[in-house]
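Below is one structure, written out as structure tokens; comments come after it.
The values are calculated or read from the model by the stated rules, or taken from the named source; none is laboratory data. Just so it is clear, the model here is predicted, and its values are computed rather than measured. Glycine also receives a Cβ, built like all others from the backbone with ideal geometry; neighbour counts cover every protein chain displayed. Just the protein is used for accessible areas: all its heavy atoms, side chains included, with ligands, DNA and RNA removed. Shrake-Rupley method; radii C 1.70, N 1.55, O 1.52, S 1.80 Å.
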Amino acid sequence: KLRERSREYYKRNPEKVREAGKAYKAANREKCNDASALRRARQRTTQTVPIRRADIAARDGLACYLCGLALTLAPKMPNTAQLEHVTPLSRGGTHTPENVKLACKPCNFRKHTSTPDEYLLRRAA
């Protein structure tokens, strides 16, 4: 129902929707640029083999590679392990097992598109 209402609104008010989009992009230029860069990086990545957390955990152990916190593979639990790209996709990293490690949610979110060295320097400050 919500999608239908949205489509109808877009059909009735195309100019309003375009103007709202332009205003959002102008107000959030950096955020939009980051999202575009990430989208392009994901499109360039041609990895077809799925990467599983269990495989990475077996290789590296169940600890965050940035802070050392003990992690779990159980979904929806505190300290659930997340896959983290060492070299971010937006910076030319690849979605391959060699570039993926386990991180805790706070470290993964705070690292964002920085390298591990940049993140650790920022965290130490």
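Numbers at a glance
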| read-out | value |
| --- | --- |
| Pair list, Cβ < 7 Å and 6+ apart or interchain, from region 33-44 residues that are under 16 Å from T96 (Cβ atoms) to residues that are surrounded by 11 or more Cβ atoms within 10 Å (Cβ to Cβ) and not basic (K, R) | A41/L89; A41/S90; R42/L89 |
| Those residues of region 78-93 which are open to solvent by 30 Å² or more (accessible area, probe 1.4 Å) and more than 19 Å from A57 (Cα to Cα), in sequence order | S90, R91, G92 |
| Test: residue in region 16-29 that is touching a helix residue (DSSP H, G or I) at 6+ places or on another chain (Cβ under 8 Å), open to solvent by less than 40 Å² (accessible area, probe 1.4 Å) and hydrophobic (A, V, I, L, M, F, W, C) | no |
| Residue among A70, A57 that is in contact (Cβ under 8 Å) with a residue 12 or more places away in the chain and either more than 24 Å from R91 (Cβ to Cβ) or exposed (fewer than 11 other Cβ atoms within 10 Å of the Cβ) (or both) | A57 |
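Each row is one residue, and each column tells you yes or no for (1) among the basic types (K, R); (2) on the phi > 0 side of the Ramachandran plot; (3) in contact with a Cys (Cβ under 8 Å, 6 or more places away or on another chain).
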{"residue": "L38", "(1), (2), (3)": "no, no, no"}
{"residue": "R52", "(1), (2), (3)": "yes, no, no"}
{"residue": "A58", "(1), (2), (3)": "no, no, no"}
{"residue": "P75", "(1), (2), (3)": "no, no, no"}
{"residue": "N79", "(1), (2), (3)": "no, yes, yes"}
